[in-house]
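Reading through the structure tokens given below for one structure.
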Amino acid sequence: MSENNNILKKIYQKGKLKRYFELIIGSLLAAIAFNLFCSPNNLVPGGISGLSIIIHHVFKIDTSLFILIVDILLLIISYFALGKEKTMHSVLGSLLFPVFIKLTQNINSILDLDTSVLLLAVIFSGIIQGFGSGLIFKAGFSLGGTDIINQIISKYCKVSIGNAMYFSDGTIVLLSGLAFGINKIMYALLLLYIISYITDRVILGISDSKAFYIITKEDQKIKEYIIKNLKHSVTELSAKGGFAQKKETVLMCVLPTKEYYRFKEGINEIDPNAFFVVTDAYQVVGGA
């Protein structure tokens, strides 16, 4: 256990300045998108920031103040429920985000943009918030809020983080429907999807390679085709069929996306009955 903790400490010590810079920029971008697109149009992107829009609409409480108070309360709960180590990675984001929301509250008067077209507001807000969130998560931080709630639900209710997110963000989005009408739920769901998609792209990057797993009776011919014609290496994996219980060889190789067509058609020519799976390979490191 201590060895694993030492590994984590080494990871978090790497590129500290770069990581803090990404946290600051990511938090600032999320705050700008919130004040520029979400708050003026009552678009609820889930999370505590989304809840703050609903609370402001009903009770006229300042959004940045509400987020700050709730984040501090959640950090205290996190310390006792999740421990010091996990809480520490949420502290900076939990404090920076409401501060940046307060600092950028009047951004609409500086950037004279017509943000009243809801679809455009959703798209651009999703892109900017997704990019900001991606930078934050990539740097190993979080903005706290419902991230803490999700971890607590996952730990004590024995459910996955993903299911906990559906519950917490889903509840807030449904509340937005009660406050602003059913149409806002549809816009909120679209916004959440765009944020999630862009966040993934920032963390993982755009896939420029594909990983292939092939099961075929012509494994030798396909190997030769990949090595001699496509000039790429192949790894042989030993496997056993779940139904027939027969031992099989699985060929695995990673190719640039641009060579996908030549690879796929070559397999079909050699063995039309070959079974193969293609997945995105976002990062390929090492190898000859």
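Each value in this text was obtained by applying a stated rule to the coordinates, not by laboratory testing. Being a predicted model, the structure only gives us computed values, none of them experimental. Counting neighbours? That spans all protein chains shown, and the Cβs are built from the backbone with ideal geometry, glycine included.
To test your reading of the geometry: what angle, between 0 and 90 degrees and rounded to tens, separates the Cα axis of helix 182-204 from the longest principal axis of the chain?
Computed tilt is about 50 degrees.
Output wanted: per-residue J couplings in Hz (rounded whole) for segment 43-48, from phi through Karplus 6.51 cos²θ - 1.76 cosθ + 1.60, θ = phi - 60°, x for Gly and Pro.
Values per residue, Gly and Pro as x: 8, 9, x, x, x, 5 Hz.
Taking H as built 1.01 Å from N, whose amide H comes closer than 5 Å to the amide H of residue 248, not counting residues under 5 places away?
Under 5 Å from the amide H of residue 248: 239, 240, 241.
Using Cα springs under 10 Å in a Gaussian network model of the chain, which residue among 263, 131, 34 shows the largest mean-square fluctuation?
263
Once phi is turned into ³J(HN,Hα) by the Karplus curve 6.51 cos²θ - 1.76 cosθ + 1.60 with θ = phi - 60°, what whole-Hz value does each residue of segment 224-240 show in order, with x for glycine and proline?
Per-residue couplings from phi come out as 4, 4, 5, 6, 7, 8, 8, 6, 10, 8, 10, 10, 9, 10, 7, 9, 9 Hz.
Starting from the amide H of residue 142, placed 1.01 Å from N in the peptide plane, find each other amide H under 5 Å away whose residue is 5 or more places distant or on another chain.
Counting only residues 5 or more places away or on other chains, the set is 93.
Calculate the dipole size of the chain relative to its Cα centre from +1 charges on Lys and Arg beta carbons and -1 charges on Asp and Glu beta carbons; express the result in debye to the nearest 20. Show your work: numbers first, answer last.
On the way: 27 positive and 21 negative charges, 149 e Å.
Using only the charged Cβ atoms, the result is roughly 720 debye.
Go through segment 229-288 and name the trypsin sites (Lys or Arg not before Pro) that are in a DSSP coil and have 11 or fewer other Cβ atoms within 10 Å of their Cβ.
Values: sites: 231, 240, 246, 247, 258, 262, 264; in loops: 231, 246.
In loop regions of segment 229-288 (DSSP not H, G, I, E or B), the sparsely surrounded trypsin sites (Lys or Arg not before Pro) are 231, 246.
Of the candidates 194, 206, 54, which one comes out as most mobile in a Gaussian network treatment of the chain with C-alpha springs shorter than 10 Å?
With Cα springs under 10 Å in the chain, the top fluctuation among 194, 206, 54 is at 206.
For n ≥ 4 DSSP H runs only, could you compute -39500 (n - 2.57) per run for the chain, divide by its residues and tell me the 222 nm figure to the nearest 500? Don't skip to the end; give the middle numbers.
Working: 12 runs with 179 residues, N = 288.
Helix contribution divided over all residues of the chain: -20500 deg cm²/dmol.
If I take every Cα pair under 8 Å that is 6 or more residues apart in segment 231-288, average their sequence separation and divide by the length, what percent do I get for the relative contact order? Mind showing how you got there, number by number?
On the way: 34 pairs, mean separation 13.4, N = 58.
Relative contact order of segment 231-288: 23 percent.
Using θ = phi - 60° and the Karplus curve 6.51 cos²θ - 1.76 cosθ + 1.60, what whole-Hz ³J(HN,Hα) does each residue of segment 78-92 get, with Gly and Pro shown as x?
The phi angles translate into 4, 4, 7, 8, 10, x, 5, 4, 5, 5, 4, 6, 10, 4, 4 Hz.
May I ask for the net charge around residue 25, where only other residues with Cβ less than 14 Å from the Cβ of residue 25 are counted and Lys, Arg are +1 while Asp, Glu are -1? Walk me through the numbers on the way to the answer.
Details: positive: 18, 19, 138; negative: 22.
Summing Lys/Arg as +1 and Asp/Glu as -1 gives +2.
So for segment 73-221, taking the charge dipole from beta-carbon charges (+1 Lys/Arg, -1 Asp/Glu), which of 87, 170, 113 sits furthest toward the positive end?
Farthest towards the positive pole: 87.
To make sure I understand the rule: partners must be lysines, Cα under 27 Å from the Cα of residue 221, and not fewer than 8 residues away in the same chain. Which ones qualify?
Those lysines meeting the cut-off are 210, 231, 240, 246, 247, 258, 264.
Mind listing the long-range amide H neighbours of residue 232? Cut-off is under 5 Å, sequence gap 5 or more, other chains count too, H placed in the peptide plane at 1.01 Å from N.
Close amide H contacts, sequence-distant or interchain: 227.
Within segment 4-104, which trypsin sites (Lys or Arg not before Pro) sit in a loop by DSSP and count at most 11 neighbouring Cβ atoms inside 10 Å? Walk me through the numbers on the way to the answer.
Numbers: sites: 9, 10, 14, 16, 18, 19, 60, 84, 86, 102; in loops: 14, 60.
Qualifying residues, ordered by number: 14, 60.
When the chain is modelled as a GNM with alpha-carbon springs shorter than 10 Å, which of 79, 213, 197 fluctuates the most?
The residue with the greatest mean-square fluctuation here is 213.
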